[in-house]
């Protein structure tokens with residue numbers, strides 16, 4: 001999306017715009033990035049784009065290859081394995097705490113997200129609907145927000161910060177929704193909607209044990225499915 005700002009954005013604004021653009025689905029993991037083209041696409045000067053890319057490189061979203069250039073980071077099987085190991089520890093605990101601490105507003109937002117994903121899962125033309133990148137981005141955004149709301153409701157600032165700043169996590173959501181074949185992704189939506197609903201219901205009724213158990217099953221299931229789906233040549 002092109003910037004409509006009349007003045008140059010702050011460094012944080014430029015960082016947010018560049019980051020969002022890179023995760024928007026048009027740039028592929030492993031694709032070479034051009035400061036000039038990014039600046040033109042986002043209607044920014046090259047200086048804030050260059051600074052944003054340096055910041056994103058330090059955070060791990062992009063990588064610099066000597067004598068080659070800057071690239072959007074590719075997801076490795078090791079990245080996926082290690083990330084899901086962390087999520088299986090972190091997110092069940094967050095769901096348990098959210099069942100104790102979530103506000104009415106947070107519970108309401110979780111319910112609304114579940115309603116939206118359930119509506120998407122119920123579409124008779126789901127596979128065709130998912131062929132549009134904007135629709136996949138919508139699904140990815142709802143998925144990320146669901147987990148982010150739970151981490152926020154848990155009241156653990158460090159856990160929430162991890163979720164916000166772990167750039168590889170953003171790439172995994174991107175990879176899961178933008179790189180998976182449409183027919184395979186369509187088959188995942190309904191089971192994911194049901195798993196999210198179980199988690200949401202446990203949090204809504206204040207059941208920490210069920211919330212932890214449901215989240216653990218959800219993350220473990222995603223881990224098994226995603227790791228099993230990796231091409232054999234990338235499984236090392």
Legend entry - Order of 125, 79 under a 10 Å beta carbon neighbour criterion, fewest first: 125, 79
Legend entry - Pair residue 12, residue 59: separation of 7 Å Cα→Cβ label points (nm): 1.2 nm
Legend entry - Least to most buried among 215, 222 (fewest other Cβ within 10 Å first): 222, 215
Legend entry - Pairwise label distance in nanometres, residue 132 with residue 217, each label 7 Å out on the Cα-Cβ vector: 3.4 nm
Inset, instruction - Report the extension gain between residue 76 and residue 187 in nm, rounded to one decimal, defined as 0.36 nm multiplied by the number of residues separating them, less their alpha carbon distance. - result: 37.6 nm
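What FRET efficiency comes out for residue 46 versus residue 224 if R0 is 45 angstrom and r is the Cβ-Cβ distance? Round to the nearest 0.05. Mind dumping the intermediate values first?
Values: r = 44 Å, r/R0 = 0.98.
So, using R0 = 45 Å, E works out to roughly 0.55.
Working out 0.36 nm times the residue gap between residue 125 and residue 105, then minus their Cα-Cα distance, what length gain in nm do you get to one decimal? Provide the component values of the computation, followed by the final result.
Numbers: separation 20, 0.36 × 20 = 7.20 nm, distance 3.22 nm.
In short, 4.0 nm is gained.
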Inset, instruction - For an R0 of 22 angstrom, estimate the FRET efficiency from the Cβ-Cβ distance between residue 141 and residue 194 and round to the nearest 0.05. - result: 0.65
Legend entry - Cα→Cβ-extended label distance, 7 Å offset, between residue 34 and residue 89, nm: 4.3 nm
Legend entry - Contact order relative to length of the stretch 11-72, as percent, for alpha carbon pairs under 8 angstrom and 6 or more apart: 43 percent
Inset, instruction - Compute the separation of the alpha-carbon centres of the stretch 195-212 and the stretch 43-111 and state it in Å as a whole number. - result: 25 Å
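Here, each number is a calculation from the coordinates, and none is a lab measurement. Remember, it's a predicted structure, so these values are computed and weren't measured experimentally. FYI the Cβ positions are ideal-geometry reconstructions off the backbone, even for glycines, and counts take in every protein chain you see.
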